[in-house]
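Report on the structure given below.
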Amino acid sequence: MTLDAFGLDGSVALVTGGSRGIGEAIAVAMADAGASVVPVARSEDALEETVERIETNGGSAVPCTVDVTSERDVEAAFDAAEEAFGGVDVLVNNAGTNPFFGDATELDTETWRRIMDVNATGTFRCSREFATRVADRDGTGSIVNIASVGGVVGLPAQAPYTASKHAIVGMTKTLAVDWAPEIRVNALAPGYVVTEFTEGVRENETIRSELLDSIPTDRFADPEEIAEPAVYLASDAASYVTGEVHVADGGMAAK
Ligand code: NAP
C-alpha cells in the first residue's frame, strides 16, 4: 500500500469560507496535498493572506470574493476557478455563521432566515453549481460539507444554528444518494475548534469549563485537526465513502 490515495495531486478545490479559521486550514492543507485551491469569502484582504500562506508552501491558489448568499457570486466563483485551473473537482462548503445564542422565544425570524441562508442554503447553492458543472463535463467530484456536532446533537441555546447544521447533514445524505456514483458527498462535523467563531464561548470562564467538561479529550481542536479529515474525505482514500457524517469532536457526541 502507498499513501498516494490520500493526496489531491492535480485536483482543483474550491473552499468557501477559506479566508480564516477552519476554511483557511482546509485550503492550506488541500494545497499541501497537491490541489490547486480557490479560497472564497467576502473579505478580500483575508483571502489574500490565505493565498500567501499557500504560495509560501509552494502551492497554487487564486482568491475569489464571494458571498454564498448570492447566486451570481457563486457562479462567478466557479467561473474564476475554471479560468485559473480548469474544472473544480473538490467543493468544500465551509462558510458559516452563528450570531444567535439564547432561547428560541427571543429569536427574530430575520436572524433565523439569515443563518439558514448562509449555512444551509449557501451549501445548497454551491453544491448545485458544482454538480451542474461536473455533469456538463461528464466528470467526477467530491463534496465535503462542514457541518458541526450541532448537526448530530441539539446544542443548547443554538436552535437556528443546530437546525442549519442538521439541514446540511440531511442534504449530504440525499445528495450522496442522488449524485452517486459521479459525485461523493460527505459531511464533517467538528466539535469546538479554536477560531474566531468560538472566541466568545472560549473566553467566558464558566462556559469554557462547562464545555471542556463535556469533551472527553478535555481540549478544543486546532483547525488543522479538522483540515486533515477534510483532505481524507475529499481524496481517493475515501473513494467508497459517501453519505457519511464524520464526527471530529474529541468524543463529545459519544458521551
Ligand atoms: P470563522 O473563523 O468565523 O470563519 C467563517 C468563514 O466563513 C470566514 O472565512 C468567513 O469569511 C466566511 N463566511 C461567513 N459568511 C459568509 C458568506 N455569507 N459568504 C461567504 N463566506 C462567508 O468560523 P470557523 O470556526 O472557521 O467555522 C467554519 C465552519 O465550521 C462554519 O461552517 C462553522 O459552522 C463550522 N464549525 C465551526 C466550529 C468551531 O468550533 N469553530 C465547530 C463546528 C462547526 P468572511 O467573513 O470574509 O465572508
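Quick note: the coordinates plus some simple rules give every number you see, no bench work behind them. Nothing here was measured: the structure is a model prediction, and the numbers come from that model. Please note: Cβ atoms are built from the backbone with ideal geometry, for glycine as well, and neighbour counts cover all protein chains shown.
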Sorted from largest down, give the three principal axis spans of the alpha carbons of the range 43-149, whole angstrom values. 48, 34, 27
Could you give the dipole magnitude of the range 3-244 about its Cα centre, charging the beta-carbon of Lys and Arg +1 and that of Asp and Glu -1, in debye to the nearest 20? 680 debye
Which value results for Rg/Rh of the chain when Rg is the Cα radius of gyration and Rh the Kirkwood radius based on the inverse mean 1/r? 0.95
Relative to the longest principal axis of the C-alpha atoms of the chain, give the angle of the C-alpha long axis of helix 122-136, reported between 0 and 90° and rounded to the nearest 10°. 20 degrees
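Please grab the % of Cα pairs in the range 172-214 that end up more than 16 Å from each other. Before the final figure, lay out each step's value.
Details: 499 of 903 pairs.
Of all Cα-Cα pairs in the range 172-214, 55 percent lie more than 16 Å apart.
Counting alpha carbon pairs within less than 8 Å and at least 6 residues apart, what relative contact order, in whole percent, applies to the range 1-97?
On the way: 195 pairs, mean separation 31.2, N = 97.
This gives 32 percent for the range 1-97.
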Could you work out the relative contact order of the range 3-244, using alpha carbon pairs under 8 angstrom and six or more residues apart, expressed as a whole percent? 21 percent
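Kindly give the semi-axes, whole Å and largest first, of the ellipsoid equivalent to the range 145-184, taking each as the square root of 5 times a Cα gyration tensor eigenvalue.
Working: eigenvalues 118, 11, 8 Å².
Three semi-axes, in Å: 24, 7, 6.
Output the relative contact order of the range 100-255, whole-number percent, from Cα pairs under 8 angstrom with separation of 6+ residues.
On the way: 216 pairs, mean separation 42.0, N = 156.
In percent, rounded to a whole number, it is 27.
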How about the range 114-201: which trypsin sites (Lys or Arg not before Pro) there are in a DSSP loop, with at most 16 other Cβ atoms within 10 Å of their Cβ? 137
Around residue 201, with a cut-off of 12 angstrom between Cβ atoms, what is the net charge of the other residues, counting Lys and Arg +1 and Asp and Glu -1? -3
Rounded to a whole number, the Stokes-Einstein D of the range 175-245 in µm²/s (Kirkwood radius over Cα pairs; 25 °C; 0.890 mPa s) is 174 µm²/s
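Give me the number: length gained by fully extending residue 103 to residue 65, i.e. 0.36 nm times residue separation minus the C-alpha to C-alpha distance, one decimal in nm. Could you put the intermediate results ahead of the total?
On the way: separation 38, 0.36 × 38 = 13.68 nm, distance 3.40 nm.
Using 0.36 nm per residue and subtracting the Cα-Cα distance, I get 10.3 nm.
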From the Cα centre of the range 76-107 to that of the range 225-249, the distance in Å is 18 Å
Please give the Cα centre distance for the range 1-72 versus the range 163-213, rounded to the nearest Å. 19 Å
